[in-house]
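Working notes for the structure below.
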Amino acid sequence: MDTPVLAVRHVSKSFAGVRALVDIDLEIAPGEIHCLAGENGSGKSTLIKVISGVHAPDAGSVSIAGCEYTHLTPADAIAVGVRVIYQDFSIFPNLSVMENIALGSEVAAGRALVNRSRMRRVAAEAVAKIGLTVDLDELVGNLSVADKQLVAISRALIGDARLIIMDEPTTALTKKEVRALFDIVRDLQSRGIAILFVSHKLEEVFEIAQRFTILRSGHTVITCPKEDLDRASFARHMTGRDFDEAPYRTGYIDADPVLEVRGATVTGAFADASLTVRPGEILGITGLLGSGRTELAMSLFGMIPLDAGTVAVAGREVPLRGVRDAITAGIAYVPEDRLTEGLFLSRSIGENITIAEMDAFTHYLGFVDKEAIRAEEKRWVERLGVVTPDPAGAVNTLSGGNQQKVVLAKWLAINPSVLILNGPTVGVDIGSKFTIHSILRELAQKGMAIIIISDDIAEVLTNCSTIAIMRAGKLSEAINPDTLTEAELTRLLSEEGAPASPTNTRALTEAPAAREGGED
């Protein structure tokens, strides 16, 4: 049997008395793609840092290519072929592709003077290994997210890489880009390079990984081949809970529409989009990047002015001249990027929750009712299950799932009639994902009109009572999710996908047909 590329033996690590890792074992063979999964706080990041030499374990050892270390340093890890590609890629946007790839090797070699000819040669060899065609002099900040990912991979291949750790590598990638990344990962595998693939995206890890190790609260729950797991057992091992994945089904809707959009057009983004959402209905809009889906959401929230068309809420036409008009009309929007568009990261959790409704706590003389604000903050933290010891803590200290709950709480606090969510569970662990889905279903059952914009096929099929596809700026007729499988919806999403069959569609402006059963 080949010597494992990586062998973690009985590793434990604590911080200020809090046990982050407890007696962890992990073994990866040459050319193996191994998935490391777990919720936020499970110990994944700590384990990665132990393997890469950032943290020394309190107990246990790490062996790389047969060499055992009890106090591995980052230099040791790099020297023996360990490379880490972090979620943010850890690249310099103001430096060129060449500099991002090769500068580290110059520094690591201890050279006093930088040789740009040598750097260009090293960078060219690195990008050639994965077939990346890119201008080596281009600033990395000008590249697409997918190309930034490939630059990070190219940098990781300098020297004799044995183990590449990819930390949430697909978070910001489209379906097409994910497929391209997986082709590269399989090519690396064919060359005997081991991959530790860190992710909680079920459909992706089941496609790419051969074996799984799942952590929970610093402990190894299971290590097993892919064939020993399914979606339900994967979620149970990660969270310790069983989840009901029964699809959301609303009863017969004959009420007046909450939201009506007619002929909405933004030149260059989308044209003649019409839709209707009634109380209790969750409309899913899915499409590839660049299809116009995000621009449609932003226009309905007043962020992009319509060139043509009308929007009505509760039968009353709304002039969407800006975000304030949308909020006044009862429309709320949870954006795609919570960090840059949804949160004030340096402010407290509580302030982020109440910022949109601050006028309600301000007296006409300008005095702010701080006691009422604190009560409101506590109410939403408890209602949405935001895990925090104190709402006064900074929101940037929360996990991705809890940050998303804060964004959701901010808009629910204004009691909207229409809630639009763009990528509601991107970068969110599986437990928080199910919690957010449960909240949305509950809100819909109480009569809220909800639009989910997502390219997560399982999310759309399971949680939406009606689905529409956005392709090249055109919004399709609505599709009954009962008539689709994940494979069929994936095909329809692709550029080659045929239009939805007339047998399973209806106009988005018609009322949904009656369906048996309610929320399971």
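Any read-out appearing in this document is the output of simple, stated calculations on the displayed coordinates, not a laboratory observation. Just so you know, these numbers come straight off a predicted model, no measurement behind them. Cβ: placed from backbone, ideal geometry, glycine included. Neighbour counts: every protein chain shown.
Across segment 6-239 the C-alpha pair distances fall into 5 Å bins from zero in the proportions 1, 7, 14, 18, 19, 16, 12, 8, 4, 1, 0, 0 percent. In segment 337-415, Cα pairs under 8 Å separated by at least six residues give a relative contact order of 46 percent.
Across the chain, C-alpha contacts under 8 Å between residues 6 or more apart give a mean separation that, scaled by the residue count, equals a relative contact order of 15 percent.
Once you order the gyration tensor axes a ≥ b ≥ c over the Cα atoms, which shape class does segment 138-271 get: rounded for a/c under 1.5, otherwise prolate or oblate by comparing a/b with b/c? Oblate shape, in that a/c is at least 1.5 and b/c is the bigger or equal ratio.
Rounded, prolate or oblate: which fits segment 302-388, taking a ≥ b ≥ c as square roots of the Cα gyration tensor eigenvalues, rounded meaning a/c under 1.5, else prolate when a/b beats b/c? Prolate is the answer for segment 302-388, as a/c is 1.5 or above and a/b outweighs b/c.
Tally Lys/Arg at +1 and Asp/Glu at -1 over every other residue whose Cβ is under 14 Å from the Cβ of Thr70; what's the total? With Lys, Arg at +1 and Asp, Glu at -1, the neighbours total -1. Stretching His71 away from Arg118 to a fully extended chain increases their span by 13.6 nm, per 0.36 nm per residue minus the current alpha-carbon distance. All other residues whose Cβ lies under 12 angstrom from that of Cys464 are scored, Lys and Arg at +1 and Asp and Glu at -1, for a net of -2. Taking each residue as 0.36 nm, the span from Asp272 to Arg179 lengthens on full extension beyond its C-alpha to C-alpha distance by 30.3 nm.
Distance between the modelled labels on Ala128 and Asp369, one decimal in nanometres: 7.1 nm (7 Å Cα→Cβ projection). Per-peptide packing, taken as the mean over residues of other Cβ atoms within 10 Å, places 162-169, 300-307, 323-330 in the sequence 162-169, 300-307, 323-330 from highest down. Take the Cβ atoms of Ser494 and Asp137, set R0 to 45 Å, and the FRET efficiency comes out at 0.85.
Peptide packing for 387-397, 56-66, 27-37 was compared via the average number of neighbouring C-beta atoms within 10 Å per residue; ordered from the highest value, the list is 27-37, 56-66, 387-397. Remark on Leu215: its backbone amide H falls under 5 Å from those of Ala37, Gly38, Val221, a criterion applied only to residues 5 or more positions apart or on other chains, H modelled at 1.01 Å from N.
Calculated [222 nm] ellipticity per residue, helices only, for the chain: -9500 deg cm²/dmol; basis is -39500 (n - 2.57) per DSSP H run with n ≥ 4, divided by all residues, nearest 500. Between the beta carbons of Asp256 and Arg379, assuming R0 = 30 Å, the FRET efficiency works out to 0.50 to the nearest 0.05. In sequence order, segment 478-484 has phi-based couplings of 6, 10, 6, x, 4, 9, 10 Hz under the Karplus curve 6.51 cos²θ - 1.76 cosθ + 1.60, θ = phi - 60°, and Gly or Pro positions carry x.
Backbone phi angles across segment 110-117, fed through the Karplus curve with coefficients 6.51, -1.76 and 1.60 (θ = phi - 60°), yield HN-Hα couplings of x, 6, 6, 10, 7, 9, 5, 5 Hz in residue order; Gly and Pro are listed as x.
Distance between the modelled labels on Ser438 and His10, one decimal in nanometres: 3.9 nm (7 Å Cα→Cβ projection). Karplus-based coupling profile of segment 286-294, in residue order and whole Hz: 10, x, 6, 4, x, 6, x, 5, 5, with θ = phi - 60° in 6.51 cos²θ - 1.76 cosθ + 1.60 and x standing for Gly or Pro. Between Ala360 and Leu95, the FRET efficiency from the beta-carbon distance, with R0 = 45 Å, is close to 0.40. Over 30 Å apart at the Cα level, from the set Lys49/Lys410; Lys370/Lys405; Lys201/Lys474; Lys44/Lys446; Lys44/Lys370; Lys176/Lys410, are Lys49/Lys410; Lys44/Lys446; Lys44/Lys370; Lys176/Lys410. Under 1.5 on a/c is rounded, so check that first for segment 76-211, then, if it is not, pick prolate when a/b is larger than b/c and oblate when it is not; a ≥ b ≥ c are the square roots of the alpha carbon gyration tensor eigenvalues. Prolate. Of all DSSP bridge pairs formed entirely within the chain, close to 55 percent run antiparallel.
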